[in-house]
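**Student:** Please find one structure pasted underneath; my questions will follow.
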Amino acid sequence: MRFWPLIRLVPRATHFNFVGLAPFAAVLSVLLVAGSAASLAIQKVNFGVDFVGGTMMEVSTPGPAPLSLIRQDLDAMGAKDGQVQGVGGGDGAVLRFGNVAGQTAEAGPVFVAAKLQTAIPGLKVTQESFVGGAFSTELMWSGLTALGIALGLMLLYIWFRFQLQFGLGAILALAHDIILTIGFLSITRIEVSMTSIAALLTVIGYSMNEKVISFDRLRENLRKYKTTPLRDVINLSENERLSRTIITGTTALLALSGSMFNVHSALFSLTATMAFGIVIGTYSSIYVALPVILLWGVKRDEDEAEPIKLQPARR
Amino acid sequence: MLALSRWKIILVLGSVIFGILFSLPNVLPDNVLAQWPGFLPHARLNLGLDLQGGSSLLYEVDTDALRKERLTDLAEEARTSLHDAQIEFSDLAVVNGLVSLRVTDPTQVDAALTAMNKVGGALQTGGRDVMVTRQPDQHIQIAFVPQAAQQDAQNAVSQSIEVIRRRIDLLGTKEPDIRRQGTNRITIEAPGESDPQKLRDVIGQTAKLTFQMVDETAGQPQSLTDPVPPDDVIMANSEVGQGQPFYVLKKRVVVSGEMLTHAQQGFDQQSNNPDIDFRFNGAGARRFGEATMQNVGKRFAIVLDNKVISAPVIESAIMGGQGQITGSYTLESATQLALLLNSGALPAPLKVIAQEKVGAGLGADAVRAGEISLGIGAALIFAFIILAYGLFGVFAAIALIVNLLMMFGALSMTQATLTLPGIAGLILTMAVAVDANVLIYERMRDEANAGRTPISAADTGYRRALTSIFDANVTTMIAALIMFSFGAGPVKGFAWTLSIGVLTSVFTAVLVTQLLIGWWFRVARPKALPIA
């Protein structure tokens, strides 16, 4: 029972010099942001059928439509972002796909139809036309507006509960995370669909949670140690919450790990993006948000220090 | 904080029972659920299109009607331009798909052609969308160029998609999938349980609202084809058998539906019947005020989709820009009309081409793979948290199970649509829920290491951690609520699961574990914390 619970193995106090690494982290962050921006500028992101539209093909089969077989065939033919959906009584399917590798826009659907007909005898194409993306420009703008207002209000709340520089640090760190996550989508060529939007929102949510938890410890220690230099207080706070950071981060990654075993699952790109965001969100709390506060400085006047009277332990 | 007060026990037990009761229908087989007594909840999780499929509707924009309307507008534009240029003309009419007119004075034909330069719009590919030609006998013809028809249809489809999305979003979080298909078609897919007839009701109506003056000099027409002055138009009464069957109205639209800022279902103060209360924007209020001031004693007509809903007499100038639409409305039809008015009019009528059932977008195998992944994820979380925190980890795991029950219960109860983005929201709330417990336990360790007795360390741990938990979750809640009210589609679904998750996870992570730990202190009277 000595090793269980495992938490006993975690040292009671650590003394990592988090702030000391900040200059290197700054260089790393700048490089990562620049890399993401460059990738976005050069190859943009790989928008799926949800965004840019593609071909819609309705097929009927003599027996029950073999949906997963059709899906595999679409993938094998190099049809981009293939989606297959059963329709009617089960002997039909709707296929949606983008460009087909090595085929022109006109030849793509013909190629797919011919291949499917040889693969599945008796398959008939009943309809074929162009479909637009489900994610329209207006939907995109309403989403961005919502995100903008949400970020603004979170900034106000953090300003109200902490200080303005905390809020700005958090927003800057969030911007860093968003750029890097989009950069990740761009570099990995993950097809950006509706679910990628959800992944991005999740990353923002997790990252914001990290920032607030980190600020909370910092605020408390700023009140406790009024004359200690800011960089030492930051180091102390981060060391104090280190075990929590590790355990929560591990838990979050474990929650996602289920779908990481299956690379072909529809959830893989979603969870891969979220996992990337969790790592980045944790990193940016320590190395973007806090350095902003360190560079800017914090207000540490006597009025702020009232709660310290409550600190001595009462038995 | 660890005292086992009665309200805490009742609250926790109550929410556990709530969670179990409302989640239960999801795991019961159909025949058991059918025999379930009526007072127990029956609602199951409302799975989205991507997870369970639903029904699909294929609509086509009525291009003939669109064409007709565009020609009528074009004729009105021509009329206004000629009026402005003070050119006399006659025989202005829409014939054979083009607008034709005759200029009275032969010397003014050139001036009229110049005035016609302003009518019509631009093509996206450059150039004008109309062609003006001079015909013998002082006639002028204005026709749309062939490309205009396609452009109009495309624009109508894009606008219709946005209007439909607003309408369906106002019905609740159904998360439909709306796409353009070909040039003039729209496919709408709505998840499983949603009622296709309800969707058709909401989508099928154009909901074009106008306010026009009644031409009191024209008398009472007997049919829609009676001759009327060129500035007038005949419209039927929407309620057959009540009042006069047809009205002669001025063609000029005083105020139209685009100038409404808000409409809602209300009650008529005299009859107490359901009605629709609306408010105009600034421009609309001004125009309506001026028109009513100049026409006291006359009637104006409220026209919906080319039928007169009502034609009240103007008693006095109506300023302030507020009004009611009364008629024989039920609560439901009044609410639906308000919804339609709020989401704007369709640019052209839509025809249903096909309606069919569609399977899950992700495919059954993908959904199963997702379920397995989530299962593995949850199992790993439980294993890890118990390994890390021992007995307290078991408490946290119990709290997590209660949390899941409550979330599924709340999602089933509110009938919000759960989609893949929503599941992402669920994973985030699970992680944050565990985080709350981790924060509390780490605080307890700090306090115990600082030399407090187990009970005091546990108590202080809870109190200290609460500030962090509070701040972090208020921040998340702000974001979730904003995204819910401003976002659309997948953003909305994500925000809804996230808001439910924030509430339930704070509740379970703080209260449920507190109760369990408090009870453990009572029973075991420990000398040390298991985690210190």
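**Student:** List pairs: first residue in region B:431-447 and of a type in the set (Phe, Trp, Tyr), second residue not in a helix (DSSP H, G or I) anywhere in the structure, Cβ distance under 8 angstrom, at least six positions apart or on different chains.
**Tutor:** B:441/B:531
**Student:** Let me spell it out: the conditions are (1) in a helix (DSSP H, G or I); (2) over 30 Å from residue B:24 (Cβ atoms), and residue B:433 meets all of them except one. Which number is the exception?
**Tutor:** (2)
**Student:** Given the conditions (1) over 34 Å from the mean Cα position of the chain (by Cα); (2) more than 14 Å from every other protein chain (Cβ to nearest Cβ); (3) buried (at least 16 other Cβ atoms within 10 Å of the Cβ), which single one is not true for residue A:119?
**Tutor:** Failed condition: (3).
**Student:** Residues B:350, B:341: which one is touching a Gly at 6+ places or on another chain (Cβ under 9 Å), within 24 Å of residue B:185 (Cβ to Cβ) and not charged (D, E, K, R)?
**Tutor:** Working: B:341 fails: within 24 Å of residue B:185 (Cβ to Cβ).
Criteria check complete, one pass: B:350.
**Student:** Output the residue which, of all residues in region B:465-520 that are facing another protein chain (nearest Cβ under 7 Å) and of a type in the set (Phe, Trp, Tyr), is farthest from residue B:50 (Cα to Cα). Outline the logic, then answer.
**Tutor:** Taking region B:465-520 as the starting set, the residues that turn out to be facing another protein chain (nearest Cβ under 7 Å) are B:467-468, B:471-472, B:474-476, B:478-479, B:482-483, B:486-491, B:494, B:498.
Now narrow it down to the ones that are of a type in the set (Phe, Trp, Tyr): B:486, B:494.
Values: B:486: 23, B:494: 14 Å.
The residue in question is B:486.
**Student:** Looking only at region B:356-379, count how many residues are assigned to a loop (DSSP other than H, G, I, E, B) and of a type in the set (A, V, I, L, M). Steps first, answer last, please.
**Tutor:** Going through region B:356-379, the residues assigned to a loop (DSSP other than H, G, I, E, B) turn out to be B:359-363.
Filter once more, keeping what is of a type in the set (A, V, I, L, M): B:360, B:362.
Within region B:356-379, residues that are assigned to a loop (DSSP other than H, G, I, E, B) and of a type in the set (A, V, I, L, M) number 2.
**Student:** Looking only at region B:293-317, how many residues end up being over 33 Å from the mean Cα position of the chain (by Cα) and buried (at least 20 other Cβ atoms within 10 Å of the Cβ)?
**Tutor:** First pass over region B:293-317, keeping only residues over 33 Å from the mean Cα position of the chain (by Cα): B:293-299, B:313-317.
Remaining after also requiring buried (at least 20 other Cβ atoms within 10 Å of the Cβ): none.
Count: 0.
**Student:** Any idea how many residues of region A:1-42 are loosely packed, with under 13 Cβ neighbours inside 10 Å, more than 14 Å from chain B (Cβ to nearest Cβ) and out of contact with any helix residue (DSSP H, G or I) (no Cβ under 7 Å at 6 or more places or on another chain)?
**Tutor:** 9
**Student:** Identify all residues within region A:45-73 that are of a type in the set (D, E, K, R) and over 32 Å from the mean Cα position of the chain (by Cα); write none if there are none.
**Tutor:** First, the residues of region A:45-73 that are of a type in the set (D, E, K, R): A:50, A:58, A:71, A:73.
A:58 - this is the single residue of region A:45-73 that is of a type in the set (D, E, K, R) and over 32 Å from the mean Cα position of the chain (by Cα).
**Student:** Let me ask something else. How many residues, within region B:442-464, are at the interface with chain A (Cβ under 10 Å from one of its Cβ atoms) and β-branched (Val, Ile, Thr)?
**Tutor:** 2
**Student:** Looking at (1) surrounded by 16 or more Cβ atoms within 10 Å (Cβ to Cβ); (2) at pLDDT 90 or above, can you tell me which one residue B:383 breaks?
**Tutor:** Here residue B:383 clears every test but (1).
**Student:** Give region A:181-224 a look and list any residue that's of a type in the set (S, T, N, Q), more than 14 Å from residue A:278 (Cα to Cα) and in a helix (DSSP H, G or I), or say none.
**Tutor:** A:186, A:188, A:195, A:196, A:214, A:221
**Student:** Could you tell me which residue of region B:401-439 is surrounded by the most Cβ atoms within 10 Å (Cβ to Cβ), considering only residues that are more than 10 Å from chain A (Cβ to nearest Cβ) and under 25 Å from residue B:531 (Cβ atoms)? Break it down stepwise before answering.
**Tutor:** Taking region B:401-439 and keeping what is more than 10 Å from chain A (Cβ to nearest Cβ), we get B:401-418.
Still in the list and also under 25 Å from residue B:531 (Cβ atoms): B:401-404.
Numbers: B:401: 16, B:402: 23, B:403: 25, B:404: 21.
Taking the candidates together, the pick is B:403.
**Student:** Note down all Cβ pairs under 7 Å where the first residue falls in region B:216-227 and is in contact (Cβ under 8 Å) with a residue 60 or more places away in the chain and on the phi > 0 side of the Ramachandran plot, the second is assigned to a loop (DSSP other than H, G, I, E, B) and loosely packed, with under 10 Cβ neighbours inside 10 Å, and they're at least six residues apart or on different chains.
**Tutor:** So the pair list comes out empty.
Table: residues versus (1) exposed (fewer than 13 other Cβ atoms within 10 Å of the Cβ); (2) part of a strand (DSSP E or B).
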| residue | (1), (2) |
| --- | --- |
| B:225 | yes, no |
| B:239 | no, no |
| B:252 | no, yes |
| B:278 | no, yes |
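**Student:** Which of (1) at pLDDT below 90; (2) assigned to a helix (DSSP H, G or I); (3) within 12 Å of chain B (Cβ to nearest Cβ) is the odd one out, the single condition residue A:248 does not satisfy?
**Tutor:** Exception for residue A:248: condition (1).
**Student:** Considering only residues that are closer than 18 Å to residue B:50 by Cβ and either in contact with a Cys (Cβ under 8 Å, 6 or more places away or on another chain) or touching a residue at least 24 places away in the same chain (Cβ under 8 Å) (or both), which ones fall in region A:66-93?
**Tutor:** Correct list: A:67, A:70, A:74, A:81, A:83, A:87, A:93.
The values are calculated or read from the model by the stated rules, or taken from the named source; none is laboratory data. None of the values given here were measured: they were computed from a predicted structure. As a convention, Cβ positions derive from the backbone with ideal geometry for all residues, glycine included, and neighbour counts pool all protein chains shown.
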